[in-house]
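Following: one structure in structure tokens, then a few remarks.
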Amino acid sequence: MADARIARLVNDIAVQFAHQPLPVAAESVARHVITFWEPRMRAALLAMPAAATEELDERAKAALVLIRRGG
Amino acid sequence: MTLSGQPDLGTPARSSESVVELLVDGIAVSVPAGTSVLRAAALAGIGIPKLCATDSLEPFGSCRLCLVEVDGKRGTPASCTLPVAPGMSVRTQSEKLARLRRGVAELYISDHPLDCLTCPANGGCELQDVVGVVGLREVRYPDTGANHLEAERDTSNPYFDFDPSKCIACSRCVRACDEVQGTFALTIMGRGFDSAVSAGAGENFLDSECVSCGACVQACPTATLQEKSVVQLGMPTRVVNTTCAYCGVGCSFRAELRGTELVRMVPDKDGGANAGHSCVKGRFAFGYASHPDRVLAPMLRERITDEWREVGWDEAIGFVGRRFREIQDRHGLGAIGAITSSRTTNEEVYVVQRMVRAAFANNNVDTCARVCHSPTGYGLKQTFGTSAGTQDFASVGKSDVIVVIGANPTDGHPVFAARMKRRLRQGAKLIVADPRRIDLVRSPHVEPGLHLPLRPGTNVALVNAIAHTVVTEGLADEEFVAQRCEEFADWQEFIRRPENSPESVAEIAGVPAEDIRTAARLYAAGPNSAIYYGLGVTEHSQGSTMVMAMANLAMVTGNIGREGVGINPLRGQNNVQGSCDMGSFPHELPGYRHVSDDAVRSIFEAAWGRTLLAEPGLRLPNMFDAALDGSFRGMFVQGEDIAQSDPNTRHVTAALAALDLLVVQDLFVNETAKYAHVLLPGTSFLEKDGTFTNAERRINRVRPVMPPRTGKHEWQIVCEIATAMGYPMSYPEPSEIMAEIAATTPTFAGVSFDLLDKLGSVQWPCNAAAPNGTPIMHVENFVRGKGRFVPTPYVPTSERSTRRFPLILTTGRILSQYNVGAQTRRTANVVWHAEDVLEIHPHDAEDRGVRDGDEVVLSSRVGQTTLRARIADRMPVGVVYTTFHHPVTGANVVTTDNSDWATNCPEYKVTAVQVALRPVQQPAPEPLLAD
């Protein structure tokens, strides 16, 4: 799945948790992705090149670590 | 006509804790105080002749036929308007009464055509019955006097005729339009002998305000208002009780037939959802089921550019099974998936998701709720613990304050709207939050509601501001919050923030702060306040947030867990609740249980004999994305036209065209079928055997009126596909599918066809704790234990108006058409809506030189289309509106693939657009996709 599309989807989730402290928000984003995303979408997220992940919302970036661990 | 085969007790039931005992013709009868003598007599088994009275309408006392004598009282009062009294002794028959009744009947007959044998109401005429009962044998008045026998018939309405020569001026039609439907389209014009029923101010029915709900036809005791189908075919001879297949109200109907030919659909007085009422779609628009466009045999083609080839069932099913397996062998188990239909039965949906999970061995199943109410599922599960409306429809009758957000019930859910308007006429307060001034804002005999015309996309900000007002003005129900809810402190800290104040939100939402505060005070004061909402809530990038925001508001004011309150999604399609209940979401098994739950999976693994995947599958928009990247290559689409209904048509059709195998199961060659390799003919609701679940969680029986015209039920076809793929699946009959649902799904544990036959319908949860179902949820506890407050920050949509696209388009539905119009476009309903139009404010129109009726080009960042403009001052400046009922317009060529953050429900309600006059020399283009 296209990186831009995946980035858009995860960023849309991340901004919803902007009211939470970063570690909590990251956990919320990760939980949402693990609960609702099909494995190939998670894989695409985790396989995004570094340059692309740098563009992600900071909560989404922090969530990547948790998703990688949880997945 | 009267409700055939259903007793008419003359006047409506009354409820009272006080019981009155009386004698009618010496027979003792006990009834609630306030009951009429006419009804008490009927309950005692004693029929009193009547014409102007019927038990769906308040007593009127005009026909003077239901006269009685009462011991100790003078005169002969009308029993319909006479309330019972303790110890009353009533006589319904005496020489005097007989003489009076014969005299009245004689007057009626003196101005009535005596063509009974050839009259379409013959066999169903109350006047004929009454004349027989009173023993009228001659009419003494000469037939040379003034009469109405030559009055002109009005045949303008496509579904019923109005023949004033047969009218007895009983006003039942007028009262039905007023009391039942609440449209007030009919009146009695003139006085005395000149009294005549009139639609509007003397127009014909088609041109009047009549909404063709059929209530007047239902109420008419003669052939004055008569279905054209009865005029043409004659009276029906048998009845099958079933459920409408249009909107999420789920009206019960009596399908009346001659043999297997459907003559008319009559709303069932005992229907739990509709209580004898109907709308133009359910009552009349069933002709699509026998339309010549119906596909009745399977069709195949190798490539989507080939011609269709009609084949037998064995070849079609063998082809589908083999090709799906080949795709999986080559591209992996996850390369195929299915979309269930919210127009099919629970049983049909259940077998599709079983096929996906057990035969496809993945969770790639989704449903049309993805593009409508998936945020309801997410939001209500997070806050209350389950995805369902909290009330039954009758609950609105106890509401003191009714909040309608992002819904247009008079068009989308008309039978429920009639019930709501009745409560509003009784004095309930109304708050409407909608960019458009929908009809409900000002309906006849209802005080104008408080209209909050918010900017599209600002729902969350508005509801947060209402909750802010509740909390900061000390209007919260602290006891309810303390006893029933959790995580309040964090939410309270969030909602008290200045950015959530009405003053901060006013500019964002375009609603004055004082109006927001007024709404908050009204809602909090209740005492019974209810929220009803529709797709104007869910189809936003913050749809799920908004559902949670409304749930927060209901909890903080204690408006959950009793009659008259609650959070009520008005579901779009007839079985969208059921399709979600049955496990159509890619992350949930039936009963909204996550696929990762080992205990739940083991139940289904035992029942289905296969190991099930613990990972969520692809959602519908994910399937499109995956189709374009080549990892998703085969799709089974049951009864949904995703090429017309889903947003960003270019993206959708490109994805469909990329598939190796697209299997469509539908009644017609729809837009999606243009990209299909296999078309499997589906069955209409008249052929189905199963259940639908409506927006109030009510499970209704759908009984076959006729055998499947295709030779197979849809669930049988799905079972045969699964079997062809090497996973044997079969059921002897649909009741066995429901038995499996009950055995595997706790909320359905008590449901069976036998129970539904016995009770008529039940609302889930239906189990040992609630053997007769659950009309109102969360009464003692929430499903999740305690209600959970969730902070709901307002995150604006990324879709913004610009100089190039300065207007915001929002889309919706109208009364006479349904969804993509596949059904209603194939009925006479097209007389009311032959094409989709663009509603635009006069100022926006003038700026662009657009006049009413001009053809305009509507363009967005993703595409453009052409349609006719309608100048409408109910639109706010800067916002335009259209519907998506007609494929020729293809409104979704302009909508984007922005979506709700939690569920990917598309943001249909906010698209930045431009409108321009179509150049005169330019031919009308096909719906066009932008570069």
Exercise for the section: Name the single residue, out of those in the range B:288-326 being touching a Ser or Thr at 6+ places or on another chain (Cβ under 9 Å) and of a type in the set (A, V, I, L, M), that is surrounded by the fewest Cβ atoms within 10 Å (Cβ to Cβ). Expected result: B:296
Handout entry: From the options B:429, B:398, residue that is of a type in the set (Lys, Arg), in contact with a strand residue (DSSP E or B) (Cβ under 7 Å, 6 or more places away or on another chain) and modelled with pLDDT of 95 or more
Key = B:429
Handout entry: Number of the exception - residue B:667 against (1) closer than 24 Å to residue A:5 by Cα; (2) aliphatic (A, V, I, L, M); (3) away from chain A (no Cβ under 14 Å)
Key = (1)
Exercise for the section: For residues that are under 21 Å from the mean Cα position of the chain (by Cα) and surrounded by fewer than 23 Cβ atoms within 10 Å (Cβ to Cβ), scanning just the range B:696-725, find the one that is farthest from residue B:750 (Cα to Cα). Expected result: B:704
Problem - Matching residues, the range B:453-470, being touching a residue at least 60 places away in the same chain (Cβ under 8 Å) and surrounded by 23 or more Cβ atoms within 10 Å (Cβ to Cβ) - result: B:456, B:457, B:458, B:459, B:460, B:461, B:463, B:464, B:466, B:467
Exercise for the section: Confirm whether residue B:597 is of a type in the set (D, E, K, R) and either in contact (Cβ under 8 Å) with a residue 24 or more places away in the chain or away from chain A (no Cβ under 14 Å) (or both). Expected result: no
Problem - Residues that are assigned to a loop (DSSP other than H, G, I, E, B), hydrophobic (A, V, I, L, M, F, W, C) and surrounded by 21 or more Cβ atoms within 10 Å (Cβ to Cβ), drawn from the range B:880-909 - result: B:884, B:894, B:901, B:902, B:905
Problem - Those helices (runs of 4 or more DSSP H) lying entirely in the range B:327-417 with at least 1 residues acidic (Asp, Glu) and buried (at least 24 other Cβ atoms within 10 Å of the Cβ) - result: B:346-354
Handout entry: Qualifying residue in the range B:568-586 (condition: surrounded by fewer than 24 Cβ atoms within 10 Å (Cβ to Cβ), modelled with pLDDT of 95 or more and of a type in the set (Gly, Ala, Ser))
Key = no
Completion exercise
Checked the range B:612-629 for anything more than 9 Å from chain A (Cβ to nearest Cβ) and without any contact (Cβ under 8 Å) to a residue 40 or more places away in the chain; matches are B:614, B:624, B:627
Practice task
Name the residue, out of B:524, B:513, that is more than 14 Å from chain A (Cβ to nearest Cβ), surrounded by fewer than 18 Cβ atoms within 10 Å (Cβ to Cβ), at pLDDT 95 or above and out of contact with any Phe, Trp or Tyr (no Cβ under 7 Å at 6 or more places or on another chain).
Solution key: B:513
Exercise for the section: Go through (1) in contact with a helix residue (DSSP H, G or I) (Cβ under 6 Å, 6 or more places away or on another chain); (2) closer than 30 Å to residue B:209 by Cα; (3) at pLDDT 95 or above one by one and return the number of the condition residue B:288 breaks. Expected result: (3)
Practice task
Check the range B:726-739 and report whether any residue there is part of a loop (DSSP other than H, G, I, E, B) and either modelled with pLDDT under 95 or buried (at least 24 other Cβ atoms within 10 Å of the Cβ) (or both).
Solution key: no
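Residue-wise test of (1) in contact with a strand residue (DSSP E or B) (Cβ under 6 Å, 6 or more places away or on another chain); (2) free of Cβ contacts under 8 Å to residues at least 12 places away in the same chain; (3) of a type in the set (Val, Ile, Thr); (4) at positive phi.
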position	(1), (2), (3), (4)
B:35	no, no, yes, no
B:39	no, no, no, no
B:44	yes, no, no, no
B:47	no, no, no, no
B:51	no, no, no, no
B:55	no, no, no, no
B:65	no, no, no, no
B:74	no, yes, no, no
Problem - Qualifying residue in the range B:193-204 (condition: of a type in the set (A, V, I, L, M, F, W, C), within 21 Å of residue B:832 (Cα to Cα) and surrounded by fewer than 20 Cβ atoms within 10 Å (Cβ to Cβ)) - result: yes
Problem - Selection from the range B:126-144 of residues that are more than 13 Å from residue B:109 (Cα to Cα) and either assigned to a loop (DSSP other than H, G, I, E, B) or among the charged types (D, E, K, R) (or both) - result: B:144
Exercise for the section: Would you kindly identify the helices (runs of 4 or more DSSP H) lying entirely within chain A that contain at least 1 residues that are crowded, with 18+ Cβ neighbours inside 10 Å and of a type in the set (Lys, Arg)? Expected result: A:39-46, A:58-70
Problem - Filtered residues of the range A:36-57 (kept if at the interface with chain B (Cβ under 10 Å from one of its Cβ atoms) and under 10 Å from the mean Cα position of the chain (by Cα)) - result: A:42
Practice task
Kindly list the number of the only condition in (1) closer than 28 Å to residue B:900 by Cβ; (2) among the hydrophobic types (A, V, I, L, M, F, W, C); (3) not in a loop (DSSP other than H, G, I, E, B) that fails for residue B:762.
Solution key: (1)
Completion exercise
Flagged pairs (Cβ under 8 angstrom, 6 or more apart or on separate chains; first in the range B:747-768, among the small types (Gly, Ala, Ser); second part of a helix (DSSP H, G or I) and at pLDDT 95 or above) are B:749/B:742; B:749/B:743; B:750/B:742; B:752/B:735; B:752/B:738; B:752/B:739; B:752/B:742
Exercise for the section: Output yes when any residue across the range B:607-627 is more than 18 Å from residue B:897 (Cα to Cα), surrounded by 24 or more Cβ atoms within 10 Å (Cβ to Cβ) and at pLDDT 95 or above, and no when none is. Expected result: yes
Fill in the blank from the handout: Scanning the range B:790-835 residue by residue, the ones that are in contact with a strand residue (DSSP E or B) (Cβ under 6 Å, 6 or more places away or on another chain) and among the aromatic types (Phe, Trp, Tyr) total 1
Handout entry: In the range B:865-907, the residues that are farther than 14 Å from residue B:370 by Cβ, among the β-branched types (Val, Ile, Thr) and in contact with a Lys or Arg (Cβ under 8 Å, 6 or more places away or on another chain)
Key = B:866, B:871, B:879, B:883, B:893, B:896
Handout entry: Residues within the range A:1-33 that are more than 13 Å from the chain's Cα centre (by Cα), within 10 Å of chain B (Cβ to nearest Cβ) and β-branched (Val, Ile, Thr), tallied
Key = 0
Completion exercise
Counting only residues that are farther than 25 Å from residue B:549 by Cα and outside any strand (DSSP E or B), the range B:765-780 contains a total of 6
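Residue-by-condition table, conditions (1) in contact with a Phe, Trp or Tyr (Cβ under 7 Å, 6 or more places away or on another chain); (2) at pLDDT below 95; (3) closer than 30 Å to residue B:225 by Cβ:
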site: B:240; (1), (2), (3): no, no, yes
site: B:259; (1), (2), (3): no, yes, yes
site: B:274; (1), (2), (3): no, no, yes
site: B:277; (1), (2), (3): no, no, yes
site: B:283; (1), (2), (3): no, no, yes
site: B:301; (1), (2), (3): yes, no, no
site: B:314; (1), (2), (3): no, no, no
site: B:325; (1), (2), (3): no, no, no
site: B:338; (1), (2), (3): yes, no, no
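The values are calculated or read from the model by the stated rules, or taken from the named source; none is laboratory data. Since the structure is predicted, the reported quantities are computational estimates derived from the model, not experimental observations. Glycine gets a Cβ as well: all are built from the backbone with ideal geometry, and neighbour counts include every protein chain shown.
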